[in-house]
Amino acid sequence: MYLGLARLQLAVAPLLDRRIEVIEIAVDGFQANLERAADGSVNWLLERPAAEPEETAEAPPQDRQAGTSMLASFEVRDLSLDNIVVAYRDIGTEADYTLTLESIDGSAVRDQPMDLSIEGAVQQVPYTISMSAGSLAALMRGDETWPVTLSMALLGATLDVEGTIAEPLRGAGLEATFSLSGDDLQDLQALVGQELPPVEGYSFAGRIAEEETAFALTDFEGRVGGATFTGAFSIDPRGDLPEFRVSLTCRPLT
């Protein structure tokens, strides 16, 4: 493991009002080499000796509530992470992966929208990600719908997602629209690990919603080359096996 420059600046005065204001988090140069041995053991976990269980009295409801409200607010004015490399090797399967984060820049200031931009590479394949979301204060309160916008470019493809999360702290209540498009389907071979036909031009779009018992994809439209299709999908993860429902209409090549 290697760590170059690391810097953290914290405003002191706001601590008196139970507010944490991080002025800057900066890292320039970090590398971690993760490895899984043939026997399944890993080099990133340290085993602790088993401790004897201790009997503790349950805190009264008012004490628990006071503990959750100890922090009035939290913000990060400037996040800057550069030249981050995480390498993973599985000796048993001979799998070898490298994730490079050339730069991560962002901020999360009180009631302002959160912004994050990432540039990097996976297996030497470059990508960019930009994200904008609701404020960190709203996320911590968890009492309002949280908007999210995401854009990603990888292997000649562009993915755009825009939507809301009704219960962000639980990760529940997602509702969003998405679009995915690219110039050549064959460009995605490095991502899926399979050979793909040389089809010029593809696009997919639709609406994703988390319902009471299932995830649904509606208003789905797709185009691969000269073929187009529309439809809807849903998956219910309850039960021993997930239940899939598909309705798809295809128009063949002309």
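Every read-out reported here was derived from the displayed coordinates using simple, explicitly stated rules and does not represent laboratory data. Computed from a predicted structure; not experimentally measured. Backbone-built Cβ (ideal geometry, glycine too); neighbour counts: all protein chains shown.
Round to the nearest 0.05 the FRET efficiency obtained for L5 and T213 when R0 = 51 Å and r is the Cβ-Cβ distance.
The pair L5/T213 has a calculated efficiency of 0.55.
Pick out, from G206, P168, Q112, the residue whose Cα sits farthest towards the positive end of the charge dipole of the chain, with +1 on the Cβ of Lys and Arg and -1 on the Cβ of Asp and Glu.
Value: Q112.
Check each of the GluC sites (Glu not before Pro) in region 74-113 and keep only those in coil by DSSP with at most 12 other C-beta atoms within 10 angstrom; list them in order.
Passing both the DSSP loop test and the Cβ count: E94.
Under 8 Å for C-alpha pairs, at least 6 residues apart: give me the relative contact order for the chain, rounded to a whole percent.
9
Exactly which trypsin sites (Lys or Arg not before Pro) in region 150-254 are in a DSSP loop and have at most 14 other Cβ atoms within 10 Å?
Answer by residue number: R170, R238.
List the GluC sites (Glu not before Pro) within region 163-223 that DSSP assigns to loop and that have no more than 15 neighbouring Cβ atoms inside 10 Å. Please report the intermediate quantities before stating the final value.
On the way: sites: E175, E195, E200, E210, E211, E212, E221; in loops: E195, E211, E212.
In loop regions of region 163-223 (DSSP not H, G, I, E or B), the sparsely surrounded GluC sites (Glu not before Pro) are E195, E211, E212.
So how strong a dipole does region 107-254 carry about its Cα centre when Lys and Arg Cβ are +1 and Asp and Glu Cβ are -1, to the nearest 20 debye? Don't skip to the answer; put the middle values down first.
Working: 8 positive and 22 negative charges, 9 e Å.
Approximately 40 debye in magnitude.
Ranking L159, L136 by Cβ neighbours within 10 Å, fewest first, what do you get?
Fewest-to-most Cβ neighbours within 10 Å comes out as L159, L136.
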